[in-house]
Amino acid sequence: MPAGLTLGVALAALLGGALFSLATGGRSDVGLAELWAPEGLAATVVYETRAPRSLAAALLGVNLALAGLILQAITRNPLASPAILGLNQGAALGLALGLVLPALAGIPIEATALTGALVAGVLTFAISGGFAGRMDAMRLVLGGVAVGAFSYAMVRFTYTLEDELARDVVRWTVGDITDMRWASALRLLFWGLPGLFASLALSHRLNLMALGQDTAQGLGADPRVTLLLGTVVAAALTGVSVSVAGPIAFAGLVVPHLARLLFGGDHRVLVPVAALLGAALMLLADGLSKTLTQPVEAPIGVIAALIGAPWFLWLTLSRKTAF
């Protein structure tokens, strides 16, 4: 697909998702017309409630899509994603420990979530043999499931350590942006932009990894270095997302495959396209979360899982994606 058309399709999807997200909410009488309203209660609803939530949804989509794209590239495994490899759950554990342990009280939650995601990623890749240059696809998935299950069990254990935080921990575990405000949305932007630029910088190495580890080594890109760099970037993108909205499953799995099916395998193109499509998908999920179960809003993580789970089953049963 020509580059101009590629960009146009991705931008159109992003615009449609943004309009849908901004137009929906608890008050059905407040729509897109209020975007241009100079003042009033309706304008306040749009700018102070819906706009930061829509921005956060878009940034979550960018972060998780890029994390999934990187993980699939460095592992050459179509099932790789932050949720499948345990990064989501590791980040949630880091965040939960940061909330309940007095020794971690002064550390930003983004840092504890990032550390948890990074530790989970390193453990998963160590179990799979990735750092020794003999990564096994089945062991990678099983290692991710084991690390994720352990991390989630420890998150639930934190309920017993601090009862007052139990409700917040439960909300984070399902992925929720209902109470999103500008401060949290801008925090996502501040931490997510370096991850986007790092993903762009890694795109050439990701292309070489698609050729196989031996070929990448022969072309001057040490696969172990690429694996380490990719793990750090994916962990950072996942960690900041979990710190704001909780672990959102399947978003990092669906978008990379959709981008690859539509636009080919060049990661120099896939990185920006996946970012745009990820933002569009999460904006769609945000709009659906506000409309499907009215007057009650469903967590955005639940909607993302409903969208992604059928795709995951199809991918697992067909295994048509090649690297």
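For region 190-208, the set of residues classified as surrounded by 14 or more Cβ atoms within 10 Å (Cβ to Cβ) and either closer than 19 Å to Pro82 by Cα or among the basic types (Lys, Arg) (or both) consists of Trp191, Gly192, Gly195, Leu196, Ala198, Ser199, Leu200, Leu202, Ser203, Arg205, Leu206, listed by residue number.
When region 190-216 is filtered for residues that are outside any helix (DSSP H, G or I) and free of Cβ contacts under 8 Å to residues at least 24 places away in the same chain, only Leu211 remains.
Name the residue, out of Ala105, Ala73, Ala149, that is of a type outside the set (Lys, Arg), surrounded by fewer than 24 Cβ atoms within 10 Å (Cβ to Cβ) and either modelled with pLDDT of 90 or more or touching a Gly at 6+ places or on another chain (Cβ under 6 Å) (or both). Steps first, answer last, please.
Details: Ala105 fails: either modelled with pLDDT of 90 or more or touching a Gly at 6+ places or on another chain (Cβ under 6 Å) (or both); Ala73 fails: surrounded by fewer than 24 Cβ atoms within 10 Å (Cβ to Cβ).
Criteria check complete, one pass: Ala149.
When you look at Ala80, is it under 13 Å from Gly143 (Cβ atoms) and surrounded by fewer than 24 Cβ atoms within 10 Å (Cβ to Cβ), yes or no? Taking the combined requirement at face value, the residue does not satisfy it.
Residue-by-condition table, conditions (1) of a type outside the set (S, T, N, Q); (2) under 15 Å from Gly121 (Cα atoms); (3) in contact (Cβ under 8 Å) with a residue 24 or more places away in the chain:
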{"site": "Ala65", "(1), (2), (3)": "yes, no, yes"}
{"site": "Asn77", "(1), (2), (3)": "no, yes, yes"}
{"site": "Ala83", "(1), (2), (3)": "yes, yes, yes"}
{"site": "Leu87", "(1), (2), (3)": "yes, yes, yes"}
{"site": "Ala96", "(1), (2), (3)": "yes, no, yes"}
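Mind listing whichever residues of region 57-110 are of a type in the set (Gly, Ala, Ser), closer than 23 Å to Ala201 by Cα and assigned to a helix (DSSP H, G or I)?
Residues satisfying the conditions are Ala58, Gly61, Ala65, Ala67, Gly68, Ala73.
The residues in region 245-269 that are surrounded by 24 or more Cβ atoms within 10 Å (Cβ to Cβ), assigned to a helix (DSSP H, G or I) and hydrophobic (A, V, I, L, M, F, W, C) can be counted, and the count is 6. Can you name the residue in region 301-323 that is surrounded by 14 or more Cβ atoms within 10 Å (Cβ to Cβ) and over 14 Å from Val254 (Cβ atoms) and is also modelled with the highest pLDDT among such residues? Per the criteria, the residue is Val302.
Could you tell me which residue of region 271-302 is farthest from His204 (Cα to Cα), considering only residues that are outside any helix (DSSP H, G or I) and either small (Gly, Ala, Ser) or touching a Lys or Arg at 6+ places or on another chain (Cβ under 7 Å) (or both)? Steps first, please.
Residues of region 271-302 that are outside any helix (DSSP H, G or I), as a first pass: 292-299.
Narrowing further to those that are either small (Gly, Ala, Ser) or touching a Lys or Arg at 6+ places or on another chain (Cβ under 7 Å) (or both): 297-298.
Values: Glu297: 41, Ala298: 39 Å.
The qualifying residue farthest from His204 (Cα to Cα) is Glu297.
Residue pairs whose Cβ atoms lie under 7 Å apart, sitting 6 or more positions apart in sequence or on different chains, and linking a residue in region 258-281 that is more than 10 Å from Val62 (Cβ to Cβ) to a partner that is part of a helix (DSSP H, G or I) and among the aromatic types (Phe, Trp, Tyr), are Val269/Phe263; Leu270/Phe263; Val273/Phe263. Considering the conditions (1) more than 14 Å from Leu71 (Cα to Cα); (2) β-branched (Val, Ile, Thr); (3) in contact (Cβ under 8 Å) with a residue 40 or more places away in the chain, Val254 is excluded by exactly one of them, (1). Checked against (1) surrounded by fewer than 14 Cβ atoms within 10 Å (Cβ to Cβ); (2) at pLDDT 80 or above, Thr44 passes all but condition (2).
The values are calculated or read from the model by the stated rules, or taken from the named source; none is laboratory data. Not measured: the values here are computed from a predicted model. All Cβ positions, glycine included, derive from the backbone under ideal geometry; neighbour counts span all protein chains shown.
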